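Note sheet for the following structure.
The values are calculated or read from the model by the stated rules, or taken from the named source; none is laboratory data. As the structure is a computational prediction, the values presented were derived from the model and not from experiment. Positions of Cβ are backbone-derived with ideal geometry, glycine not excepted, and every protein chain shown enters the neighbour counts.
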Amino acid sequence: MPKSSEELTNARKEEIINACASLYKTMGFKEITIRDIGAKTSFTRTSIYNYFQTKEEIFLALLQREHEAWIQDLETIIQNYESLSAAKFAKELANTLERRECMLKLMSMNLYDMEGNSRIENLVAFKKVYANALRSITRCLEKFFPQMTVKDIQEFLYAFFPFLFGVYPYTTATSKQKEAMELAHVNYTHYSIYEITESFTKKLLQAFQ
C-alpha cells in the first residue's frame, strides 16, 4: 500500500535525522554539512530542503527525538513502580540518562547554534517536548516523594535541569583534554554519566529519603 503524503514526509524526516545521528557519532557538529547528511539518505541532497532549511534544524529535530525517548523512559518508571526510595529513584533516573548520551552532548555543546538557526515553529515544537520532560520529572517526584512541596519540586527542577547541560563535557574528556589536565597538574577523576547523575540526584533528594 503506497504511503500517504504525511507518512512519506515523516519517513523522509526520520531518514534525515537518522543520517545526522549516525554522522554525529564520529564527526563534530561544525564538521557535518547538509551535503554529508544528504549522502547518507536515499534521496537527493536538495530534497532535504523540503523538510529542513538548515543543518541546525536537523540537529534540533534529533534533540527533540532524544527528549521524546527520554520521556518514554521516565513514564515507564512511573508505570512500573508504586514506590521508590531516593536511592532507587536516583539509580533509575541515572539509567535513563546513561542511554541519552546524544541528548546530553547536543544540550551541552550545540544548543545555542541549533536554536539560533532554526525557524520559530521548529523551536516551539522542541520547547513543547522539553516542557513535557519537565512535567515527566515532576510526575515522578509527585508520585515517589509525596512529602515534597511545590517549592521543593521547583528547586529540584532548577538544580537538575541546569545540571544536565554540564554532564556530557564533565564525563567525556578527549585525549587532548586529558593531556592538558595532566600537564596542568589537574587531579582529574573520571565519572560516568550514570555515576555522576546517581550521586547528584541522591544529594538533591537526601532530605526526602
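Among the residues making up the range 191-208, those that are over 16 Å from E101 (Cα atoms) and of a type outside the set (V, I, T) are S199, F200, K202, K203, L204, L205, Q206, A207, F208.
Only residues that are assigned to a helix (DSSP H, G or I) and farther than 14 Å from T172 by Cβ were counted in the range 184-209, giving 10. Residues that are charged (D, E, K, R) and outside any helix (DSSP H, G or I) within the range 83-113 comprise R99, R100, listed in sequence order. Is at least one residue of the range 79-89 under 25 Å from K127 (Cβ atoms) and surrounded by fewer than 20 Cβ atoms within 10 Å (Cβ to Cβ)? No, the range 79-89 contains no residue that is under 25 Å from K127 (Cβ atoms) and surrounded by fewer than 20 Cβ atoms within 10 Å (Cβ to Cβ).
For the range 116-163, what are the residues that are under 23 Å from N80 (Cα atoms), part of a helix (DSSP H, G or I) and either touching a residue at least 60 places away in the same chain (Cβ under 8 Å) or of a type in the set (F, W, Y) (or both)? Matches in the range 116-163: V129, Y130, N132, A133, S136, I137, R139, C140, K143, F144, F156, F160.
For the range 118-129, the condition holds for at least one residue, the condition being that it is more than 13 Å from the chain's Cα centre (by Cα), polar (S, T, N, Q) and surrounded by 14 or more Cβ atoms within 10 Å (Cβ to Cβ). For the range 18-27, indicate whether the set of residues that are of a type in the set (S, T, Y), touching a residue at least 12 places away in the same chain (Cβ under 8 Å) and in a helix (DSSP H, G or I) is non-empty. Yes, the conditions are met somewhere in the range 18-27.
The rows are residues; the columns are (1) within 29 Å of Y191 (Cα to Cα); (2) out of contact with any helix residue (DSSP H, G or I) (no Cβ under 8 Å at 6 or more places or on another chain); (3) modelled with pLDDT of 95 or more.
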residue	(1), (2), (3)
I71	yes, no, yes
E82	no, yes, yes
R99	yes, no, yes
L104	yes, no, yes
S118	no, no, yes
E121	no, yes, yes
A125	no, no, yes
T149	no, yes, yes
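With respect to A133, is the statement that it is within 27 Å of K55 (Cβ to Cβ), among the hydrophobic types (A, V, I, L, M, F, W, C), at pLDDT 95 or above and under 13 Å from the mean Cα position of the chain (by Cα) true? Yes, satisfied. The residues of the range 1-18 that are crowded, with 17+ Cβ neighbours inside 10 Å and either closer than 21 Å to S108 by Cα or aromatic (F, W, Y) (or both) amount to a single one, I17. All conditions in (1) closer than 30 Å to I34 by Cβ; (2) of a type outside the set (V, I, T); (3) surrounded by 15 or more Cβ atoms within 10 Å (Cβ to Cβ) hold for E198, with the sole exception of (1).
Can you tell me which residue among T44, T9 is in contact (Cβ under 8 Å) with a residue 40 or more places away in the chain and of a type in the set (S, T, Y)? None of the other options fit; the residue is T9. All of (1) surrounded by fewer than 13 Cβ atoms within 10 Å (Cβ to Cβ); (2) in contact with an Asp or Glu (Cβ under 9 Å, 6 or more places away or on another chain); (3) hydrophobic (A, V, I, L, M, F, W, C) hold for L60 with one exception: (1). Those residues that are under 25 Å from V129 (Cα atoms) and either of a type in the set (G, A, S) or over 16 Å from the mean Cα position of the chain (by Cα) (or both), I need them from the range 161-195; list them, please. Once the filter is applied, which keeps residues that are under 25 Å from V129 (Cα atoms) and either of a type in the set (G, A, S) or over 16 Å from the mean Cα position of the chain (by Cα) (or both), the range 161-195 yields only G166. Within the range 93-103, not a single residue is out of contact with any strand residue (DSSP E or B) (no Cβ under 8 Å at 6 or more places or on another chain), more than 18 Å from I196 (Cβ to Cβ) and free of Cβ contacts under 8 Å to residues at least 40 places away in the same chain.
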